[in-house]
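Participant: Below is the structure I would like to discuss, written out as structure tokens.
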Amino acid sequence: MLSKTRREPSAGWLRTQQAIAKQHVRVANLRRDRLHKLTTVLAQSFDVIGTETLAVKNMMASGGARKKGLNRSIADAGLGEFSRQLDYKTIWYNSVRVRAGRWSPSSKTCSGCGCVKAKLTLAERLYVCDNNDCGLQIDRDLNAAINLARMARAEQSACFDSGGADRKTTAPAVLVAAKPESSNGSASPQGEAA
């Protein structure tokens, strides 16, 4: 018969648990710092940022042993926190975030001719255009990034051309203004004679 009494943890086990907890805190702080630095650089460096709306829960859905590492990697990336930070930092730094819809075929669309593939599996890491006139061969992720950048620029210019914007997809026109040139202090203030 098994004993149901709980054994007291040893001092060595407690020290090990404290060391493990300390490392978990350190890794969490490093990830948080990385996300803040990345979103700040993006929001400060670019006037328009195009992103995809991903179904993260579906990406982490059960898939057996082959997906265990991918699930952990997706969870560790902190995509939700990245999106949240990018939203408020684009407002802070007068840039615009444009989101492509969840079903937007950014990976399936050829960045050269605009031809859309019917199917593109995750195993295909090289995008090869089916159009005989084009024949573009490019990395799948680079192809999607080019398409997202074009979509974001097109939506931003359409916002200015129509004189208004849908507040759900783009920032108000006041926030879209070009970033001011940095002054080196040599220019005279307004109202003063030069």
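Participant: Taking only the range 93-132 into account, find how many residues are surrounded by 13 or more Cβ atoms within 10 Å (Cβ to Cβ), not β-branched (Val, Ile, Thr) and not in a loop (DSSP other than H, G, I, E, B).
Facilitator: 4
Participant: Output the residue which, of all residues in the range 39-55 that are surrounded by fewer than 14 Cβ atoms within 10 Å (Cβ to Cβ) and part of a helix (DSSP H, G or I), is modelled with the lowest pLDDT.
Facilitator: So, considering only residues that are surrounded by fewer than 14 Cβ atoms within 10 Å (Cβ to Cβ) and part of a helix (DSSP H, G or I), the one modelled with the lowest pLDDT is Ser45.
Participant: Do the conditions hold for Arg102, that is, is it modelled with pLDDT under 85 and within 19 Å of the chain's Cα centre (by Cα)?
Facilitator: yes
Participant: Are any of the residues in the range 43-54 within 30 Å of Lys89 (Cα to Cα) and among the charged types (D, E, K, R)?
Facilitator: yes
The values are calculated or read from the model by the stated rules, or taken from the named source; none is laboratory data. The structure presented is a predicted model; accordingly, all values stated were derived computationally and were not measured. A quick note on method: Cβ atoms are made from the backbone with ideal geometry, for glycine too, and the neighbour counts reach across all protein chains shown.
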